[in-house]
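Undergrad: Handing you a structure now.
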Amino acid sequence: MGIGINSWVWTSPFTDDSAGLIHRAAEMGFDAFEIAVEDPAHFQGDKVGAALKKTGLRPIICGAFGPSRDLTHDDPGFARKACSTSPTC
């Protein structure tokens, strides 16, 4: 078991410019880095992946969405909005 840290400790939203935080977390001795994904369009997976690979930190992802981006909501408009920025929806 290890200890991780969430990107919200330092920034919101997580973006390409935030990738340096992964190195900072590694230097501080963390074993994992949790990225709070507020919008998948804010960062490129390859840049973040390279930082994770270089540091050896275990990646953890959490989705952070407000009440208007709810895939389970009865109103179909909420689900459409939730999927509007996701390439996998």
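Bear in mind these aren't lab numbers, they're just calculated from the coordinates by the rules spelled out. Because the structure is a prediction, the values reported are computed rather than measured. Note: ideal-geometry Cβ built from the backbone for every residue, glycine included; neighbour counts use all protein chains shown.
Undergrad: Once the piece of chain linking Ala79 and Lys53 is laid out straight, how much longer is it, given 0.36 nm per residue of separation minus the C-alpha distance between them?
TA: 6.0 nm
Undergrad: Let me ask something additional. Which whole-Hz couplings ³J(HN,Hα) result when phi for each residue of region 12-29 is put into the Karplus expression 6.51 cos²θ - 1.76 cosθ + 1.60, θ = phi - 60°, listed in order with x for Gly and Pro?
TA: 7, x, 6, 10, 4, 5, 7, 4, x, 5, 5, 5, 4, 4, 5, 4, 7, x
Undergrad: Quick one: 3J(HN,Hα) in Hz for region 46-62, Karplus 6.51/-1.76/1.60 with θ = phi - 60°, rounded, Gly and Pro as x.
TA: 5, 5, 5, x, 5, 5, 5, 5, 5, 8, x, 6, 6, x, 9, 10, 10
Undergrad: Can you tally the net charge around Leu52? Count Lys and Arg as +1, Asp and Glu as -1, for every other residue whose Cβ sits under 15 Å from the Cβ of Leu52. Let's see the in-between values first.
TA: Details: positive: Arg24, Lys47, Lys53, Lys54, Arg58; negative: Asp16, Glu27, Asp31, Glu34, Asp46.
Local charge sum for Leu52: 0.
Undergrad: Would you calculate the separation in nanometres between label points at Met1 and Ile61, each defined as 7 Å from the Cα along the Cα-to-beta-carbon direction?
TA: For Met1 paired with Ile61, the spin-label model returns 2.6 nm.
Undergrad: Where does each of 31-38, 16-23, 55-62 land if you order them by average Cβ count within 10 Å, highest first?
TA: Packing order, densest peptide first, comes out as 31-38, 16-23, 55-62.
Undergrad: Scan around Phe33 for amide H atoms under 5 Å from its own, H built in the peptide plane at 1.01 Å from N, and keep only partners 5 or more places away or cross-chain.
TA: Under 5 Å from the amide H of Phe33 lie the amide H atoms of Ile5, Arg58, Ile60, each far enough along the sequence or on another chain.
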